[in-house]
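Engineer: The structure is given below, and queries will be raised subsequently.
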Amino acid sequence: QVQLVESGGGLVQAGGSLRLSCAASGRTFSINVMGWFRQAPGKERDFVAAIDWDGGNTVYADSVKGRFTISRDNAKNTVYLQMNSLKPEDTAVYYCAARIGYGLAFKVADFGSWGQGTQVTVSS
């Protein structure tokens, strides 16, 4: 199994920045893709970004392209989400996820391990 722990959420004003971190432990050798999702109150969990663990290839949701950057540090088994130019509509609980299967993915069902989530609140 893979355990994931997110950190770095908080309250920020619109236009500000935050960096989320997700530390993986356990069977980390089995991870091929790491992703970030978010869920606002009363809404479904939506894809934000994903990164291929070996090659570093990335994919982003259209709503965050140009503002968010996903990266990873393989030596630390950690994935990051740098969020710039934040908007009130970015407010949500952000979840880190790990995928054993190969290939970048963006569906909740494609990821088998999840963190507990970290709250990001953007005030206007």
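Engineer: Where residues in the stretch 74-88 are of a type outside the set (Lys, Arg) and outside any strand (DSSP E or B), which of them is least open to solvent (accessible area, probe 1.4 Å)? Walk me through it before giving the result.
Structural biologist: Initial filter on the stretch 74-88 (of a type outside the set (Lys, Arg)): 74-75, 77-86, 88.
From the residues that got through so far, the ones that are outside any strand (DSSP E or B) too are 74-75, 77, 84-86, 88.
Values: ASN74: 63, ALA75: 97, ASN77: 43, ASN84: 57, SER85: 64, LEU86: 3, PRO88: 56 Å².
That would be LEU86.
Engineer: Identify, please: which residue in the stretch 78-104 is out of contact with any strand residue (DSSP E or B) (no Cβ under 6 Å at 6 or more places or on another chain) and modelled with pLDDT under 95 and is, among those, nearest to ALA50 (Cα to Cα)?
Structural biologist: GLY103
Engineer: Restricting to the stretch 1-15, name every residue that is open to solvent by 20 Å² or more (accessible area, probe 1.4 Å) and either among the hydroxyl-bearing types (Ser, Thr, Tyr) or under 18 Å from the mean Cα position of the chain (by Cα) (or both).
Structural biologist: Hits for the stretch 1-15 are VAL2, GLN3, VAL5, SER7, GLY8, GLY9, GLY10, LEU11, VAL12.
Engineer: On the basis of being under 15 Å from GLU6 (Cα atoms) and open to solvent by less than 40 Å² (accessible area, probe 1.4 Å), does PHE68 make the cut?
Structural biologist: So PHE68 fails the test.
Engineer: Taking the conditions exactly as written (at pLDDT 95 or above and in a loop (DSSP other than H, G, I, E, B)), does SER71 satisfy them or not? I'd like the intermediate steps shown before the answer.
Structural biologist: On the way: at pLDDT 95 or above: yes; in a loop (DSSP other than H, G, I, E, B): no.
Taking the combined requirement at face value, the residue does not satisfy it.
Engineer: Now a separate question. Within the stretch 82-108, can you find the residues that are among the small types (Gly, Ala, Ser) and within 15 Å of the chain's Cα centre (by Cα)?
Structural biologist: Matches in the stretch 82-108: ALA92, ALA97, ALA98, ALA105.
Engineer: Scan the stretch 89-105 and tell me whether some residue there is without any contact (Cβ under 8 Å) to a residue 60 or more places away in the chain and open to solvent by less than 30 Å² (accessible area, probe 1.4 Å).
Structural biologist: The answer is yes, given that some residue of the stretch 89-105 is without any contact (Cβ under 8 Å) to a residue 60 or more places away in the chain and open to solvent by less than 30 Å² (accessible area, probe 1.4 Å).
Engineer: What do you reckon, is TYR60 among the hydroxyl-bearing types (Ser, Thr, Tyr), modelled with pLDDT of 95 or more, under 11 Å from the mean Cα position of the chain (by Cα) and within 18 Å of LEU4 (Cα to Cα)?
Structural biologist: no
Engineer: Related question: Given the condition touching a residue at least 24 places away in the same chain (Cβ under 8 Å) and in a helix (DSSP H, G or I), answer yes or no: does some residue in the stretch 51-61 qualify?
Structural biologist: For the stretch 51-61, residues touching a residue at least 24 places away in the same chain (Cβ under 8 Å) and in a helix (DSSP H, G or I): absent.
Engineer: Name the residue that is nearest to PHE68 (Cα to Cα), counting only residues in the stretch 19-39 that are hydrophobic (A, V, I, L, M, F, W, C) and open to solvent by 30 Å² or more (accessible area, probe 1.4 Å). If you could, list the steps in order and put the result at the bottom.
Structural biologist: To start, the set of residues in the stretch 19-39 that are hydrophobic (A, V, I, L, M, F, W, C) comprises 20, 22-24, 29, 31, 33-34, 36-37.
Those still in the list that are open to solvent by 30 Å² or more (accessible area, probe 1.4 Å) too: 23, 29.
On the way: ALA23: 19, PHE29: 26 Å.
Going through the qualifying residues, I end up with ALA23.
Engineer: Pairs please, first residue from the stretch 106-119 and open to solvent by 60 Å² or more (accessible area, probe 1.4 Å), second anywhere and acidic (Asp, Glu), Cβ atoms under 7 Å, 6+ apart in sequence or on different chains.
Structural biologist: From residues that are open to solvent by 60 Å² or more (accessible area, probe 1.4 Å), the pairs are GLN116/GLU6.
Engineer: Inside the stretch 1-44, can you point out the residues that are aliphatic (A, V, I, L, M) and part of a loop (DSSP other than H, G, I, E, B)?
Structural biologist: Answer for the stretch 1-44, where residues must be aliphatic (A, V, I, L, M) and part of a loop (DSSP other than H, G, I, E, B): ALA14, ILE31, ALA40.
Engineer: What are the pairs, 6+ residues apart or on separate chains, where a residue within the stretch 1-26 that is among the basic types (Lys, Arg) has its Cβ under 8 Å from a residue that is open to solvent by 20 Å² or more (accessible area, probe 1.4 Å)?
Structural biologist: Final answer for the pair search is ARG19/GLY8; ARG19/TYR80; ARG19/GLN82.
The values are calculated or read from the model by the stated rules, or taken from the named source; none is laboratory data. What you are looking at is a predicted structure, and each value in this text was computed from that prediction instead of being measured. Positions of Cβ are generated from backbone atoms using ideal geometry, with glycine treated the same way; all protein chains shown enter the neighbour counts. SASA here: full protein model, heavy atoms, side chains in, ligands and nucleic acids out. Shrake-Rupley method; radii C 1.70, N 1.55, O 1.52, S 1.80 Å.
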